[in-house]
Amino acid sequence: MSGRQQRRTHGGGGLCGVRLSPPTQRHHQPQSHRLHWLRLPDWCVPNNTKYYSGNGVVIHLPGLFEEAEKNKGKGNGLTDWDKRLIISDRAHIVFDFHQAVDGVQEQQRQEQAGKNLGTTKKGIGPVYSAKAARSGLRICDLLADFTQFSERYKMLAQQYKAMYPTLEIDIEGELDKLKAYVERLKPMVRDGVHFMYEALHGPPRKILVEGANAALLDIDFGTYPFVTSSNCTVGGVCTGLGMPPQNVGEVYGVVKAYTTRVGIGAFPSEQSNEIGALLQNRGKEIGVTTGRKRRCGWLDLVLIKYAHMINGFTALALTKLDILDVFSEIKVGLAYKVDGEIIPHFPANQEVLQRVEVQYETLPGWKSDTSAARSFEELPENAQQYVRFVEEHVGVPVKWIGVGKSRESMIQLF
């Protein structure tokens with residue numbers, strides 16, 4: 001990639017977690033040396049890359065700085081991170097009381113309905129709710145008049161205390177912390193619309209945009225209500241960055257060679273058996289944010305095609321193919337039946353989705369190690385057929401195949 005390289009995040013907060021091994025520590029590194037990202041999962045990149053956190057992102061400032069410091073000594077990717085990070089002045093701020101409210105709301109759901117949403121309790125839902133209710137506070141407010149900011153903060157805190165009488169909020173303590181961040185934050189903050197316009201119309205750059213989570217966790221198109229609080233499909237690129245749609249170029253869908261989910265919610269191809277346990281164990285499917293084991297199942301092409309309908313993928317990255325190395329047979333979900341009839345769409349209603357019967361096709365496994373493969377031709381014949389099967393049924397070419405953790409384990413087909 002060229003030296004003129006930039007990355008953007010258009011939505012989300014401390015939601016999804018990413019584990020990365022620094023380039024200098026790829027092989028046999030201890031767990032303590034691995035980078036753990038909750039807020040900015042792309043920092044382990046070349047030092048000539050700038051990172052822009054857009055207006056669609058919500059930011060918990062203590063968590064941001066703590067995460068950077070914690071990972072600083074684990075690799076070279078964080079050199080001068082504060083000079084490479086740019087934050088939109090329109091991004092909303094996650095306060096400590098948003099996180100507390102998130103926990104209270106989950107407890108109430110459990111008590112009232114016998115189940116919760118399985119949120120990360122990072123305050124994401126409450127801060128997006130405040131944003132929609134037009135009572136939220138943004139980075140630009142913090143950096144303007146701190147007296148006015150403090151008054152608005154106190155009003156918002158009192159509103160939450162009125163709704164949740166047991167809520168304990170250290171108003172003065174958090175305001176002191178926020179004030180201490182102001183000077184450190186100022187050099188990172190830009191007018192996001194102007195910054196994006198200049199990036200798009202200046203010297204040619206490679207710009208990579210990333211959303212939080214996945215298509216099926218999108219607030220509009222996901223498995224509602226078991227979703228996140230923002231648009232993590234391609235439309236969020238425009239609303240979360242202030243970027244015109246005609247500037248969207250290639251759209252890459254990233255999908256595992258099998259399906260996973262954290263927390264509750266419908267999961268048609270889930271394998272609640274030794275197959276699911278084997279996928280979970282081999283894939284080390286544990287959420288970074290919550291530490292919960294991910295639920296695992298066979299690849300569900302109904303989901304992938306649905307995500308393609310929304311996002312218009314130009315290519316796919318099929319990751320973790322090596323996890324399937326031990327299976328003699330591999331099933332792939334091709335269609336859903338409801339009440340004995342094949343349905344042509346992905347159900348919006350959770351109760352209907354819980355009742356679908358997945359129609360599978362069984363493919364032969366390859367029962368051999370793919371982790372050393374560095375080209376498509378080096379993959380076993382049945383592994384190649386698996387990839388081609390996905391391409392054929394989704395109607396999108398696979399551009400990358402992941403067969404391990406390292407960057408070198410990503411096979412590029414074209």
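Here are a few things to note about the model shown:
- Cα-based reach from Lys399 at 13 Å (exclusive), listing aspartates and glutamates while leaving out same-chain residues under 8 positions away: Glu250, Glu391
- Legend: calculated FRET efficiency, Ile343 to Met155, from the Cβ-Cβ distance at R0 = 35 Å, rounded to 0.05, equals 0.15.
- Expressed to the nearest 5 percent, the antiparallel share of DSSP beta bridges inside region 250-412 is 65 percent.
- Ordering Trp366, Trp400 from the fewest to the most neighbouring beta carbons within 10 Å gives Trp400, Trp366.
- FRET efficiency estimate (nearest 0.05) - Cβ-Cβ, Glu172 to Tyr252, R0 41 angstrom: 0.30
- Inter-centroid distance (Cα atoms) of region 312-349 relative to region 86-103, Å: 35 Å
- For region 272-278, backbone phi angles converted through the Karplus equation (6.51, -1.76, 1.60; θ = phi - 60°) give residue-by-residue couplings of 8, 7, 5, 5, x, 5, 5 Hz, Gly and Pro being listed as x.
- Förster radius 22 Å - calculated FRET efficiency between Glu274 and Gln354, Cβ distance, rounded to 0.05: 0.45
- Eligible lysines near Lys70 by straight Cα distance, threshold 25 Å, same-chain separation 8 or greater: Lys50, Lys83, Lys121, Lys122, Lys177, Lys179, Lys186, Lys284, Lys293, Lys405
- For region 229-278 versus region 144-200, the inter-centroid distance based on Cα atoms is 30 Å.
- The fewest-to-most ranking of Ile86, Ile323 by surrounding Cβ atoms within 10 Å reads Ile86, Ile323.
- Here's how it looks for Lys256: its modeled amide H is under 5 Å from those of Thr319, which are all 5 or more places away or on a different chain.
- Gain upon complete extension [Arg407, Ala372; 0.36 nm per residue less C-alpha separation]: 11.4 nm
- Label point of Val182 set 7 angstrom out along Cα-Cβ; within region 48-69, amide nitrogens under 18 Å from it belong to 61-62.
- Net charge in the neighbourhood of Ser150 (other residues with Cβ under 13 Å of its Cβ; Lys, Arg +1, Asp, Glu -1) is -2.
- Counting only alpha carbon atoms, the long axis of helix 301-311 and the longest principal axis of the chain meet at about 40°.
- Separation in nanometres of the label points that stand 7 Å from Cα toward Cβ, at Val288 and Glu329: 3.7 nm
- Amide H contacts of Val58 (H built 1.01 Å from N, under 5 Å, at least 5 apart or other chain): Gly12, Gly13
- Calculated translational diffusion coefficient of the chain (4 °C, 1.567 mPa s; Stokes-Einstein with Kirkwood radius over alpha-carbon pairs) equals 57 µm²/s.
- Phi angles of region 199-212 translate, via the Karplus equation with coefficients 6.51, -1.76, 1.60 and θ = phi - 60°, into HN-Hα couplings of 5, 7, 10, x, x, x, 9, 8, 10, 10, 10, 10, x, 7 Hz per residue; Gly and Pro are given as x.
- Per-residue Cβ neighbour counts within 10 Å put Val394, Val58 in the sequence Val394, Val58, beginning with the fewest.
- Per-residue Karplus couplings for region 57-68, computed as 6.51 cos²θ - 1.76 cosθ + 1.60 with θ equal to phi - 60°, are listed in order as 8, 10, 10, 9, 4, x, x, 4, 6, 5, 5, 4 Hz, Gly and Pro entered as x.
- A helix-only calculation puts the chain at -10000 deg cm²/dmol for mean residue ellipticity at 222 nm, using -39500 (n - 2.57) for each DSSP H run of at least four residues, averaged over all residues.
- C-alpha long axis of helix 146-163 to longest principal axis of the chain, angle in °: 60 degrees
Read-outs throughout are calculated quantities, based only on the coordinates presented, and are distinct from any laboratory measurement. What you see is a predicted model; the values in this text were computed from it and never measured. So basically every Cβ, Gly included, is an ideal-geometry build from the backbone, and we count neighbours across all protein chains shown.
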